[in-house]
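All of the numbers you see were taken from the coordinates with simple rules; none came from a lab. Computed from a prediction, not measured in an experiment: that's the story for all the values here. Cβ placement follows ideal geometry from the backbone for every residue including glycine, while neighbour counts extend to all protein chains displayed.
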Amino acid sequence: MSKQETKHQTGGHTRVKIRPKKPTNYNVLFHNDDVTTMDFVVMLLMGVFGRPQEQAIYLMLKVHHEGKAVVGTYTYDIARSKTEKATRIAREAGFPLRITYEPNELLPF
């Protein structure tokens, strides 16, 4: 029996109650490169990821100094959609910015 199932005895019948599993969240990461401009990264963070300017600048600098940074955590569909949209915008602008998403392994508290 999985962690999402519980059994209850009711008379001669066993009832199985299935609790839906909470969707796994995914981290979206920006990776540093030597071509994509800082201004363009800030614009993407504000336009696609809805980050206020101060936070977008902070995240851009984190990517620049550390090589990559988590810029948001979303459900799978949203992470994939934002990653694809931001990558498309970067390619159309001629930038090789690498944007990925991966499962968030942190457990909610």
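The label-point distance for Glu102 and Ile18, in a model that sets each label 7 Å from Cα toward Cβ, rounds to 3.2 nm.
Footprinting exposure proxy ranking of Leu97, Leu45, fewest other C-beta atoms within 10 angstrom first, gives Leu97, Leu45. Near the amide H of Val71, within less than 5 Å, lie the amide hydrogens of Val28, Leu29, Phe30, all on another chain or at least 5 residues away, with H placed in the peptide plane.
Taking a straight line from the alpha carbon of Lys17, these aspartates and glutamates sit under 17 Å away, with near neighbours fewer than eight places off in the same chain left out: Glu5. Counted residue by residue at 0.36 nm each, then reduced by the alpha carbon distance between them, the extension gain from His64 to Arg91 reaches 7.8 nm.
Look at the dipole of segment 22-103 built from charges on Cβ: of Gly72, Gly50, Asn25, the Cα furthest out on the positive end belongs to Asn25. Under the classification rounded if a/c is under 1.5, otherwise prolate if a/b is larger than b/c and oblate if not, where does segment 60-109 fall, given a ≥ b ≥ c as square roots of the Cα gyration tensor eigenvalues? Cα axes put segment 60-109 in the oblate bin. For segment 22-103, the average shadow cast by the Cα convex hull is 4.9 nm², which is a quarter of the hull's surface.
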